[in-house]
Amino acid sequence: MVLNFERTATQKKIHLAVLVAVGLIIFIFESFLPRPFPWTKPGLANVASLLALYWYGWPAALLVTSFRVILGALILGTIFNPAFFLSVGGGLSAVCFMGITYQWGKNHFSMIGISVVGAFFHNLAQLTLAAFVLVKQVEIFYFMPLMLLGSVFTGIIVGLLSQFITLKAGAFQISFPRHS
């Protein structure tokens with residue numbers, strides 16, 4: 001049986017809501033993991049955004065990311081605190097740059113490569129916001145090599161997981177619209 005999520009707008013909304021829910025669950029789970037540095041997080045919740053990008057386009061990925069970050073902050077009680085603004089800035093930056101890379105570079109970048117681009121710009125946006133809005137010290141950019149190295153690693157993991165899910169969806173004959 002082939003499920004085609006392109007049939008109705010209602011089915012698309014349901015599927016995007018599931019992506020938001022899965023991303024939110026992972027987002028909350030990650031908040032309880034121990035971190036080697038205060039600002040580090042695996043970013044596995046971005047799998048939902050990457051899948052939304054590939055299956056429905058960048059507006060859907062933007063929607064999934066926005067809802068995930070806002071709902072996660074409401075649940076964790078971090079709405080409108082500095083971490084919330086860093087999360088919003090990083091998430092929106094990641095989606096925008098993943099969308100641009102997907103649109104103009106999909107023949108040159110795999111899902112993993114696009115994920116690395118997203119992770120890179122997520123961390124770069126957060127570092128820039130922290131430097132110019134929160135701590136107002138450019139010395140925070142000394143952390144850039146460490147953060148960007150971490151973004152390559154987490155981007156690869158998020159990309160691999162997203163690719164695995166997409167392949168499994170194909171194995172179960174679930175068809176998703178390929179956004180181009």
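We did not get these values from a lab; they are worked out from the coordinates using the rules stated. Everything numeric in this text was worked out from a predicted model, so none of it was measured. We place every Cβ from the backbone using ideal geometry, glycine too, and count neighbours over all the protein chains shown.
Each residue of the stretch 142-152 was assigned a 3J(HN,Hα) from its phi angle through the Karplus curve 6.51 cos²θ - 1.76 cosθ + 1.60 (θ = phi - 60°); the sequence is 4, 7, 4, x, 5, 5, 6, 5, x, 5, 5 Hz, with glycine and proline shown as x. Estimated purely from DSSP H runs of n ≥ 4, each contributing -39500 (n - 2.57), the mean residue ellipticity at 222 nm for the chain is -24000 deg cm²/dmol once divided by its residues. When peptides 59-65, 145-151 are sorted by average Cβ neighbour count within 10 Å, with the highest value leading, the order is 59-65, 145-151. Basic side chains Lys and Arg get +1 at the Cβ, acidic Asp and Glu get -1 at the Cβ, and with that the dipole of the chain about its Cα centre reaches some 300 debye. For the stretch 22-31, backbone phi angles converted through the Karplus equation (6.51, -1.76, 1.60; θ = phi - 60°) give residue-by-residue couplings of 5, x, 5, 4, 5, 4, 5, 4, 5, 5 Hz, Gly and Pro being listed as x.
Helix 82-105 and the longest principal axis of the C-alpha atoms of the chain enclose an angle of approximately 50°. Once the convex hull of all Cα atoms in the chain is built, its volume per residue stands at 116 Å³. Working ranking of peptides 66-77, 90-101 by packing, defined as the average number of other Cβ atoms within 10 Å per residue, highest first, is 90-101, 66-77.
Against the longest alpha carbon principal axis of the chain, how many degrees, from 0 to 90 and to the nearest 10, is the axis of helix 46-56 turned? The angle comes out at about 40 degrees. Helix 58-76 and the longest principal axis of the Cα set of the chain meet at an angle near 60°.
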